[in-house]
Amino acid sequence: MDGYGFTEGVRHTLARARHEAAGLGHSHVGCEHVLLGLVHTIDGVAAAALKKCQVDPSTVEREVLRRVERGAAPTGDPDLPYTSRAKKVIELSMAAARDLGHEYVGQEHILLGLIREGQSIAAQSLAALGVTLDGTVGEIRRLLGEATGSEWVSELGALTRQLADSISDLSSPRTPEDILLAILADNGGARHILEVLGVDMVALSDEIDARDAGGRAGTSVRELLTAAKSERQFLGDCALASHHILLAYLALRPAHGYRALSERGVTHASVRALAEKIFG
């Protein structure tokens, strides 16, 4: 893939695309199946971009199915081949990631690849719903903070929609504790690791929310996310995820949230060891 890694969301999308093709009795995976797979697994920036375009995933699904004819091919083969257009979409997705300066291929790039391809049922369906290339690119840039020059947050595409929404709009003052609370509410890797460590998520969130800030002062959201990118690089992961942010938080030790974590036996070393075991 020319150095680009697929995010977990994209892998889910492509697996679902094969399921959609088989369910429709088709002997191949086409662009329409990729789009159906996308809307059934969509999260993060891709979901937020469609929402900003005032398009609901269920509406996309109905539009695609309205244009697709069912086939009669056997549905037992899990390794259906991709059509040439579907392969082209993957190539265009990688090009979209490269154009945006990203080191991974996320669902938002798949969405852009489908639009850029321009000829398939998927592209026609998106166009019919008013989803344009320029509008979607602009919205993705805005969601990732690039429209205002915040290149440091440009790898949020792998995060879930809830967490990406929470930390991509930094027009108002935020603290590392805002980000930590978002992680605790998110269903990503950080929450999973904390649950494995036996942390009561509700009690931890309530304690962080109730405490007055103290301890080490001066840690900013920018510093936290910059450190999270370093954690991502250390672990060799293709895109930023919530457990990288948790590791950065534990490394920087900002304010009262760190004390609440350490009192529960959560350390940088224990989180990193679990991250390598679970996600390595």
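The values are calculated or read from the model by the stated rules, or taken from the named source; none is laboratory data. As the structure is a computational prediction, the values presented were derived from the model and not from experiment. Glycine gets a Cβ as well: all are built from the backbone with ideal geometry, and neighbour counts include every protein chain shown.
Computed values, structure above
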item: Test: residue in segment 89-104 that is aromatic (F, W, Y), in contact with a strand residue (DSSP E or B) (Cβ under 8 Å, 6 or more places away or on another chain), modelled with pLDDT under 85 and surrounded by fewer than 24 Cβ atoms within 10 Å (Cβ to Cβ); result: yes
item: Filter result for the condition that a residue is in contact with a Phe, Trp or Tyr (Cβ under 9 Å, 6 or more places away or on another chain) and of a type in the set (D, E, K, R), over R98, R16; result: R98
item: Candidates A273, A248, filtered to the one that is under 16 Å from I183 (Cα atoms) and either surrounded by 24 or more Cβ atoms within 10 Å (Cβ to Cβ) or at pLDDT 80 or above (or both); result: A248
item: Test: residue in segment 138-146 that is modelled with pLDDT under 80, buried (at least 23 other Cβ atoms within 10 Å of the Cβ) and more than 22 Å from I183 (Cβ to Cβ); result: yes
item: Counted residues, segment 81-118 - those being farther than 23 Å from V55 by Cα and in a helix (DSSP H, G or I); result: 9
item: Pair list, Cβ < 7 Å and 6+ apart or interchain, from segment 1-25 residues that are within 15 Å of V89 (Cβ to Cβ) and aliphatic (A, V, I, L, M) to residues that are assigned to a helix (DSSP H, G or I) and modelled with pLDDT under 85; result: V10/Q107
